[in-house]
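Chemist: Please find one structure pasted underneath; my questions will follow.
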Amino acid sequence: MDLKSYIREVPDYPKPGILFYDITTLLSNADAFRESVDRMYELVKDYRIDKVVGIESRGYIFGAPLALKLNASFVPIRKPGKLPSKIISESYSLEYGTSTLEMHEDAIKAGENVLLVDDLFATGGTTVAAKTLVEKLKGNVAAIVYLIELDFLNGRKKLEGYNVHSVLHYDK
């Protein structure tokens with residue numbers, strides 16, 4: 001199945017010069033969505049995973065079904081002000097601004113193996129913030145998986161030494 005054919009490219013969103021890869025068109029097709037989750041699972045099934053951490057918001061879409069397939073629990077990483085209990089936070093730069101991520105301080109136990117999940121890997125800023133949150137809690141980032149990787153942005157340089165996997169690659 002050609003999953004790229006289910007992804008809509010939206011120019012100049014969220015600001016001029018950015019090409020946005022819209023996965024809602026993929027999600028609206030049950031076969032393409034299932035195939036996406038299955039391919040992500042195939043990339044990470046051999047890691048011993050205790051917790052799957054989905055990065056807000058589209059990381060949840062893929063993270064929750066992956067957690068079920070891996071027989072692991074699911075932990076959300078959220079944007080500020082969305083979690084009801086004690087949190088830790090990490091700020092980071094995006095290709096078009098800055099943001100902050102938060103996670104409950106009791107979400108990961110020391111030594112747990114964690115799979116980070118997001119829909120798209122661009123410059124790596126969001127993932128670096130997410131892995132930093134996991135590591136602050138003494139969790140082990142066993143692997144990171146994405147549906148889409150924008151290879152031309154060279155985000156992997158920020159994640160050297162980590163097991164990074166992507167289903168789809170875009171060169172421009």
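Chemist: Once whole DSSP H runs in the chain are found, which of them have Cα atoms spread over 27 Å or more along the helix axis and a mean Kyte-Doolittle score of at least -0.5?
Modeler: none
Chemist: Could you check the simple spin-label distance between ASP22 and SER57, using points 7 Å along Cα→Cβ, in nm with one decimal?
Modeler: Label at ASP22, label at SER57, 1.5 nm between them.
Chemist: Less than 16 Å from a label point 7 Å out along the Cα-to-Cβ axis of THR98: which backbone N atoms in region 51-81 qualify, by residue?
Modeler: Counting only backbone N, you get 80.
Chemist: How big is region 47-170 by the Kirkwood estimate over distinct Cα pairs, in Å? Provide the component values of the computation, followed by the final result.
Modeler: Working: mean 1/r = 0.0704 Å⁻¹.
Averaging 1/r across every pair of different Cα atoms and inverting gives 14.2 Å.
Chemist: While we're here: In which sequence would ILE77, ILE148 go, from the one with the fewest C-beta neighbours within 10 Å to the one with the most? Each step should come with its number before you reach the end.
Modeler: Working: ILE77 29, ILE148 22.
So the residues, fewest neighbours to most, are ILE148, ILE77.
Chemist: Still on this structure, I have one more. Subtracting the Cα-Cα distance from 0.36 nm times the residue separation, let me have the gained length for LEU153 to ALA64 in nm, one decimal.
Modeler: 29.3 nm
Chemist: Another one. Simple spin-label model, 7 Å along Cα-to-Cβ: TYR162 to GLU105 in nm?
Modeler: So the label points at TYR162 and GLU105 sit 2.3 nm apart.
Chemist: Here's another thing I want to ask about it. For region 132-146 and region 45-119, compute the distance between their C-alpha centroids and round to whole Å.
Modeler: Value for the Cα centre distance between the two parts: 9 Å.
Chemist: With r defined as the distance between the Cβ atoms of ASN29 and LYS172 and R0 fixed at 22 Å, what FRET efficiency is calculated, to the nearest 0.05?
Modeler: 0.30
Laboratory data are not the source of any read-out in this text; all were calculated from the coordinates shown. For clarity, every value in this text was computed on a predicted model and none was experimentally measured. Quick reminder, even Gly has a Cβ in these numbers, built from the backbone with ideal geometry, and neighbours come from all protein chains shown.
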